[in-house]
Amino acid sequence: MTFRFPFLDLAKVNAPYETGMKEAASRVIASGRYIGGQEVTEFNATLAGLCNAPYAVGVSNGLDALRLILEGYKQIGRLNDGDEVIVPANTYIASVLAVSHAGLKPILADPDITTMNLSAESIKRHLTERTKAIMPVHLYGRVAWDDDMRLICEEKSLLVIEDAAQAIGAEATVDGLFDSRMAGAIGHAGALSFYPTKNIGALGDAGAIVTHDARLAEAITALANYGSDHRYHNIYRGFNCRLDPIQAAMLNIKLADINNINRQRRLNAEAYDSGIGNPLIIKPKISPDNVWHQYVVRLQGNSRDRFRKFMTNNGVETDIHYATPPYRQPCYINKFQDSFAVSDLLAYEIVSLPISSATTLDDISQISEIINRFK
Ligand SMILES: *Cc1c(COP(=O)(O)O)cnc(C)c1O
């Protein structure tokens, strides 16, 4: 089925960069260097600058970025097997998988219903003596950070490991733990994803970590390269999680345009906010700390599926992020004791509308008119 308003047309998203990307690909081909090298070095420097963090390390994907941060903290003695990490219950499953993979214990916390993010209140409900870290997920592009969260983390000396996969370029409205307010660099370390659908997407898998911690950056660089600190010398039992230079080259082209990409998404969100006037639709709050990876509305009662059908019939493709929370997935079923009322409610009510940089303000105005006709 083809939609007049597709949810996300990736070819259209990448079309403005096609010439630059082809030139960059040719450069990589001609360089004869297909692991590491100049493109990766440039990518790391650009990303560190963008996030206002001293260190950035490109890696294979967002899940590996999260896992490498946790493994890195274990190698440098800041985390130990079985330590508890608080993660929002409504996140994409990768956040939870990374904690499991690292031999740590994911503790799921129900999100705040309005921000759909972790809050100080939800963290407090799950703190124990074994809590060693929190993983705020800046879900849908909205920064999950405020003064109350910062106070808890400072008071309890918790590591703050951000899942910033959806929030590149987002800026918190209050200070982080160090001297950056940029998503990924608010806490001790953060993971970014460049999966093709993200605000900055590669032509395949890619990810990165950013951190204020020199020892962690060093440990991750080694862990991602077989645990090798120099050639044929392995200090850790590491992995192969390097960023490919061909992807770094693609990302270097797109990173140069991040402000335009995020500006377009912000304008789109504001256009929905002023365009949608249907009382059946609960809109997300507009705030300056959001780069709008998704524009997620809620439909109460049993109207969500009827709404999606109505939108489909009117040529608008919608999606759900995410219909099945991690704790209801077969791989985690019955592994978490708590119940997650807010997360369950959200999974039942949420709908994502088209918002990418390939969606125009004219599209948004037409989609809003269609939404306003829904009864
Ligand atoms: C995309 C995503 C990830 C994983 O990133 P990949 O690059 O796909 O491995 C992790 N967390 C969140 C919240 C994501 O949206």
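Quick notes
- Scope region 114-148; condition among the hydrophobic types (A, V, I, L, M, F, W, C) and within 19 Å of the chain's Cα centre (by Cα); matching residues: M116, L118, A133, I134, M135, V137, L139, V143, A144, W145
- Members of region 159-186 that are of a type in the set (A, V, I, L, M, F, W, C), part of a loop (DSSP other than H, G, I, E, B) and within 13 Å of L66 (Cβ to Cβ): A164, A165
- Filter result for L192 (in contact (Cβ under 8 Å) with a residue 24 or more places away in the chain, more than 30 Å from M149 (Cα to Cα) and touching a helix residue (DSSP H, G or I) at 6+ places or on another chain (Cβ under 7 Å)): no
- Among the candidates A191, A208, A249, A202, the residue that is buried (at least 22 other Cβ atoms within 10 Å of the Cβ), away from the ligand (no atom under 16 Å from the Cβ) and either not polar (S, T, N, Q) or not in a helix (DSSP H, G or I) (or both) is uniquely A249.
- Answer residue from region 211-231, given it is away from the ligand (no atom under 16 Å from the Cβ) and small (G, A, S) and is nearest to the chain's Cα centre (by Cα) among those: A217
- Some residue of region 166-177 being buried (at least 24 other Cβ atoms within 10 Å of the Cβ) and within 10 Å of the ligand (Cβ to nearest atom): yes
- First in region 252-274 and within 11 Å of P16 (Cβ to Cβ) and in contact (Cβ under 8 Å) with a residue 60 or more places away in the chain, second anywhere and among the small types (G, A, S) and part of a helix (DSSP H, G or I), Cβ under 9 Å, 6 or more apart: I253/G20; I253/A24; K254/G20
- Of the residues screened, L47 is one that is of a type in the set (A, V, I, L, M), over 26 Å from P354 (Cβ atoms) and either within 18 Å of the chain's Cα centre (by Cα) or assigned to a helix (DSSP H, G or I) (or both).
- Those residues of region 56-103 which are assigned to a loop (DSSP other than H, G, I, E, B), more than 20 Å from A206 (Cα to Cα) and either of a type outside the set (A, V, I, L, M, F, W, C) or touching a Cys at 6+ places or on another chain (Cβ under 6 Å) (or both), in sequence order: G77, R78, N80, D81, G82, D83, N90, G103
- Single condition D319 does not satisfy, out of (1) within 16 Å of the ligand (Cβ to nearest atom); (2) crowded, with 18+ Cβ neighbours inside 10 Å: (2)
Since every read-out is calculated from the coordinates, none of them should be taken as a lab result. The shown structure was predicted, so the numbers you read here are calculated from the model rather than taken from an experiment. No Cβ is skipped: glycine too gets one built from the backbone with ideal geometry, and neighbour counts run over all protein chains shown.
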